[in-house]
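All remarks here apply to the structure that follows.
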Amino acid sequence: YEAARVDGASRMQKILHIDIPGLLPAAVIILILSVGNIMAIGFEKIYLLQNPLNTSTSEIIATYVYKIGLLNANFSFATAVGLFNSVINLILLVLVNALARRISNNSLW
């Protein structure tokens with residue numbers, strides 16, 4: 001900041017050339033970690049608000065796995081659906097990490 005002030009940089013130039021490049025690596029890491037949870041919607045909220053009238057439109061993967069696995073005792077199918085959900089999350093995480101590495105040279109690994 002002191003060097004930019006001595007060089008005559010305005011407040012906007014300081015933000016564009018000092019603040020944003022300093023915050024960008026942390027923002028990219030937070031974005032990558034947030035994409036890993038994009039398919040994880042709050043199970044409890046959805047399940048508690050479901051009733052026979054809105055079940056067909058409010059079904060999410062987590063409640064579907066619960067109903068199939070525990071209520072219908074179809075454990076193997078519920079495990080396969082849960083594993084598929086995890087694989088989709090992993091693919092999204094790897095893709096966003098690779099995209100972040102190409103664009104900003106910041107990534108998790």
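A few remarks follow.
- Hypothetical label at Leu24: residues of the stretch 84-108 whose amide nitrogen lies under 11 Å (7 Å Cα-Cβ projection): 103-106
- Dividing the Cα radius of gyration of the chain by its Kirkwood radius returns 1.26 for Rg/Rh.
- The stretch 62-109: translational diffusion in µm²/s, Stokes-Einstein, Kirkwood Rh over Cα pairs, 37 °C, 0.692 mPa s: 266 µm²/s
- In this calculation the C-beta distance from Ala98 to Ile15 is compared with R0 = 30 Å, giving a FRET efficiency of 0.55.
- In the context of the full set of protein chains, the chain has a per residue accessible area of 75 Å² (1.4 Å probe).
- On Cα atoms only, tilt of 20-35 relative to the major axis of the chain in degrees: 10 degrees
- Ellipticity estimate at 222 nm from DSSP helix runs (n ≥ 4, -39,500 (n - 2.57)) divided over the chain, nearest 500: -20000 deg cm²/dmol
- Using the Cβ-Cβ distance between Ala3 and Ala40 with R0 set to 41 Å, the FRET efficiency works out to roughly 0.40.
- Ranked by how many other beta carbons lie within 10 Å on average, peptides 11-17, 35-41 from highest: 35-41, 11-17
The values are calculated or read from the model by the stated rules, or taken from the named source; none is laboratory data. Just so it is clear, the model here is predicted, and its values are computed rather than measured. In this analysis, Cβ positions are derived from the backbone assuming ideal geometry, glycine residues included, and neighbour counts consider all displayed protein chains. SASA here: full protein model, heavy atoms, side chains in, ligands and nucleic acids out. Shrake-Rupley method; radii C 1.70, N 1.55, O 1.52, S 1.80 Å.
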